[in-house]
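The values are calculated or read from the model by the stated rules, or taken from the named source; none is laboratory data. Owing to the predicted nature of the structure, the values given are computational and were not obtained by experimental measurement. Please note: Cβ atoms are built from the backbone with ideal geometry, for glycine as well, and neighbour counts cover all protein chains shown. For accessibility, only protein heavy atoms count, side chains too; no ligands or nucleic acids. Shrake-Rupley method; radii C 1.70, N 1.55, O 1.52, S 1.80 Å.
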Amino acid sequence: EARAETIINNNLVPLIAACRRSGLQVIHAPSPPVAKLHPNWVNLVPASEINTKHDTWPPAAFRNLSGPYQSYRRPKEPREAERQSLPPLTFHPKIVPVGKEAVIATGEELHRYCKQKGILFLLYAGFNTNACVITRDYGMLQMCNDRGYQTILVRDCTTGMESRYTHASLSQTEGAILFFEMCGQYSVTSDEIIKGLPDKA
């Protein structure tokens, strides 16, 4: 949290302010449950279009690890009660949607929003590098490889989950950034973006 707070204050807040001044579209992509509670949630995918049916393989009982597959369930995490007692996820108070800035919950919503607005390039800033930015369906790989957008990581506006072995070196974060760069994605710093933006104010 302390690492993220420093990044937010020193890099992300100035970047968002510069983007807003220049007229660059800011899109917020928190976790889907958080997005769906915000009044700016674009809600572009009707419930009738959400595919709730899965292939029959793997079987439903296996997906749920129930019935004959119950023995494969993972053991209960000893700190799960502590995790559940934390405040609910929400927007950071310094990075909240302003005006009519879009809030999206899924990759399909991001795609439809970009199509409506004619957006082709997506700059990614936020947390965390080695999970959400990689694995979410609105993450960089999915939006680039599956949907054809140009995606760019703002490398000084993100950080990853680190283990006790990698915390000092931030090698999980560095590895995620290198993963993007080695797989054909670009990265940039917030200062480089700010210097390249016109100031419409």
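Side notes on the structure shown:
- Point-charge dipole on Cβ atoms (K/R +1, D/E -1) for the chain, about Cα centre, debye to 20: 400
- Close amide H pairs (under 5 Å, H built 1.01 Å from N) link LEU122 with GLN150, THR151, ILE152, residues at least 5 positions away or on another chain.
- Carbon and sulfur %, accessible surface of region 31-189 computed with the full protein complex present, 1.4 Å: 57
- Along region 33-40 the Karplus relation, 6.51 cos²θ - 1.76 cosθ + 1.60 evaluated at θ = phi - 60°, assigns HN-Hα couplings of x, 5, 4, 5, 8, 8, x, 8 Hz to successive residues, with x for each Gly and Pro.
- Length-normalised contact order for region 140-201 - Cα pairs under 8 Å, 6+ apart - percent: 35
- Largest first, the extents of the alpha carbon coordinates of region 1-107 on the three principal axes equal 58, 39, 19 Å.
- Amide H contacts for SER187 (H built 1.01 Å from N in the peptide plane; partners 5 or more residues away or on another chain; cut-off under 5 Å): LEU153.
- Overall form of region 133-201 per C-alpha gyration tensor (a/c, 1.5; a/b vs b/c): oblate
- Rounded to 5, percent antiparallel among DSSP beta bridges of the chain: 0
- Whether region 52-100 is rounded, prolate or oblate, judged on the alpha carbon gyration tensor where a/c under 1.5 counts as rounded: oblate
- Average Cα contact separation per residue, the chain, under 8 Å, 6 or more apart, as relative contact order %: 27
- Calculated semi-axes √(5λ) of the Cα gyration tensor in Å (choose from (1) 29, 19, 15; (2) 30, 23, 18; (3) 22, 21, 18), label: (2)
- At a probe radius of 1.4 angstrom, the accessible area of region 1-147 per residue rounds to 67 square angstrom.
- Total formal charge among the other residues, if their Cβ is under 13 angstrom from that of LYS100, Lys/Arg +1 and Asp/Glu -1: +1
- Here HIS167 sits with roughly 110 square angstrom of accessible surface, probe radius 1.4 Å.
- Relative contact order of region 65-157, defined on C-alpha pairs under 8 angstrom at six or more residues apart (%): 22
- Per the Kirkwood formula applied to alpha carbons, region 1-42 shows a radius of gyration over Rh ratio, Rg over Rh, of 1.05.
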